[in-house]
Amino acid sequence: MRYSAFGLIKEALSGHKGWRPQWRDAAPQAAYDYVIIGGGGHGLATAYYLAKEFGGARIAVLEKGWIGGGNVGRNTTIIRSNYLLDGNEPFYEFSLKLWENLEQDLNYNAMVSQRGILNLIHSDAQRDAARRRGNAMILNGSDAELLDADGVRAMYPFLNFDDARFPIKGGLLHRRGGTVRHDAVAWGYARGADLRGVDIIQNCEVTGLRIESGKVLGVETSRGYIGAGKVGVSVAGNSSRLMALADMRLPIESHVLQAFVSEGLKPFIPGVITYGAGHFYCSQSDKGGLVFGGDIDMYNSYAQRGNLPVVEDVVESGISLIPALGRARLLRSWGGIMDMSMDGSPFIDKTHIEGLYFNGGWCYGGFKATPAAGYCFAHLLKTDRPHETATAYRLDRFMSGHMIDEKGQGAQPNLH
Ligand SMILES: Cc1cc2nc3c(=O)[nH]c(=O)nc-3n(C[C@H](O)[C@H](O)[C@H](O)COP(=O)(O)OP(=O)(O)OC[C@H]3O[C@@H](n4cnc5c(N)ncnc54)[C@H](O)[C@@H]3O)c2cc1C
């Protein structure tokens, strides 16, 4: 079913009886050419691009819970292409370009909103670093503007500019960054993949990998054994547990990251703001709630819920940047399990086991990567070669010393 204004009017006039489920409730088949483990944004995007761009074949996505129940439906919805290093920026720029055409491609309203991201600057050293980052972004085809304090004041007059400890001295503005409705991304990719024949199988947990003579043959699941030509793993915060089924130990730790939403307020934050002196970033949803987050919980956990000390830390940072926040009521908060790699950068790579491929280590920045991670993982699964924008995301980089040490782009375990 294609969506159109005409279809919407027709359904509105006929009691909305003609809408069909967005994807089939597929039953597992005995075997597939490709089995993707994890029905988050990355797994679904991988299946979609495998089916659309790389020539079909029999594809299944296995999800232990329900589509959108993982981090893809738990994040703070920020997308951006504002990285510094060559290993990263071309990839995130590719991703942003895919976001810019996503709704047309999927025929699905994902509420892609390029409302701009402003990284605040509080010292001369930060300004130097921001200038360098901005230049790297522009060289890679992205956009960046360095603002002085007056430039920031014109956009966000309510910030705490003259805080004695962390005065705001300017900001790096990335106008093409913004937000996207997170769960709609999962639903849009699921629908697009289903339309191209992908079996999306929910409530199907992978409990084992059948490996013989160094080759993967299939997966054991809560719904029986499923044979597979190739297996792609995209399970975000559960990466270490899943790859342990293949006796692999990853350079990844799992930590909880929390998100927060305030009561609905009149629109006053037009874009996304990130604090350069505390753990806090914030945007305002179309319903008026302030959507914000901060640091990860410090100790390892697979529990999908947060802890109070981090709530205090994030709210404290928020109020030091936006004093008016002190009067807003917090409505909701939740946690998601992050797959934190040791250099803060991800992996999209083959493993030493033939037919087993891994996508993970996205730390708390994998939502913005969803389209490119899906595309590049599909490329790898199909061709056995990395996509040109993802050549640095190798599993062996800690042995060879080719870390992608992207500082200032989010927390990572080795900084705590
Ligand atoms: C609070 C919070 C805020 C964030 N904010 C941002 C942000 O603003 N911008 C940004 O870019 N990123 C952000 N992120 C990070 C981003 O959400 C993740 O990096 C990204 O969503 C991970 O990829 P995914 O969507 O495929 O993960 P998920 O949606 O978690 O998908 C993985 C799926 O694998 C399934 N699974 C696990 N084990 C098995 C198994 N054994 N068998 C079958 N299925 C299994 C899980 O149930 C899950 O559905 C945030 C994350 C959180 C938690």
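Below, the figures for the structure above:
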{"quantity": "The lone exception for S95 - which of (1) in contact with a Pro (Cβ under 6 Å, 6 or more places away or on another chain); (2) open to solvent by 40 Å² or more (accessible area, probe 1.4 Å) it fails", "calculated": "(2)"}
{"quantity": "Hits in the stretch 323-341 (condition: small (G, A, S), open to solvent by less than 60 Å² (accessible area, probe 1.4 Å) and away from the ligand (no atom under 16 Å from the Cβ))", "calculated": "G326, A328"}
{"quantity": "Helices (runs of 4 or more DSSP H) completely within the stretch 96-160 that count 2 or more residues being polar (S, T, N, Q) and on the phi < 0 side of the Ramachandran plot", "calculated": "124-139"}
{"quantity": "Matching residues in the stretch 36-80 - criterion: being more than 6 Å from the ligand (Cβ to nearest atom), assigned to a loop (DSSP other than H, G, I, E, B) and either in contact with a helix residue (DSSP H, G or I) (Cβ under 6 Å, 6 or more places away or on another chain) or among the small types (G, A, S) (or both)", "calculated": "F54, G55, G56, A57, I67, G68"}
{"quantity": "Members of the stretch 82-100 found to be touching a Leu at 6+ places or on another chain (Cβ under 9 Å) and either near the ligand (Cβ under 6 Å from one of its atoms) or within 18 Å of G361 (Cα to Cα) (or both), listed by number", "calculated": "E89"}
{"quantity": "Qualifying residue in the stretch 160-172 (condition: open to solvent by 40 Å² or more (accessible area, probe 1.4 Å) and in contact with a helix residue (DSSP H, G or I) (Cβ under 6 Å, 6 or more places away or on another chain))", "calculated": "yes"}
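Listed here are the residues, each with its yes/no results for (1) within 15 Å of the ligand (Cβ to nearest atom); (2) over 29 Å from G43 (Cα atoms); (3) in contact with a helix residue (DSSP H, G or I) (Cβ under 9 Å, 6 or more places away or on another chain); (4) without any contact (Cβ under 8 Å) to a residue 60 or more places away in the chain.
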{"site": "E220", "(1), (2), (3), (4)": "yes, no, no, yes"}
{"site": "A228", "(1), (2), (3), (4)": "yes, no, no, no"}
{"site": "P267", "(1), (2), (3), (4)": "no, yes, no, yes"}
{"site": "V272", "(1), (2), (3), (4)": "yes, no, no, no"}
{"site": "Q284", "(1), (2), (3), (4)": "yes, no, no, yes"}
{"site": "I296", "(1), (2), (3), (4)": "yes, no, yes, no"}
{"site": "V311", "(1), (2), (3), (4)": "yes, yes, no, yes"}
{"site": "E316", "(1), (2), (3), (4)": "no, yes, no, yes"}
{"site": "L321", "(1), (2), (3), (4)": "no, yes, no, no"}
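The values are calculated or read from the model by the stated rules, or taken from the named source; none is laboratory data. In this text, all values refer to a predicted model and were calculated from it rather than measured experimentally. Using ideal geometry, Cβ is built from the backbone for each residue, glycine included, and neighbour counts are taken over all protein chains shown. Side chains included, ligands, DNA and RNA excluded: accessible areas come from the protein's heavy atoms. Shrake-Rupley method; radii C 1.70, N 1.55, O 1.52, S 1.80 Å.
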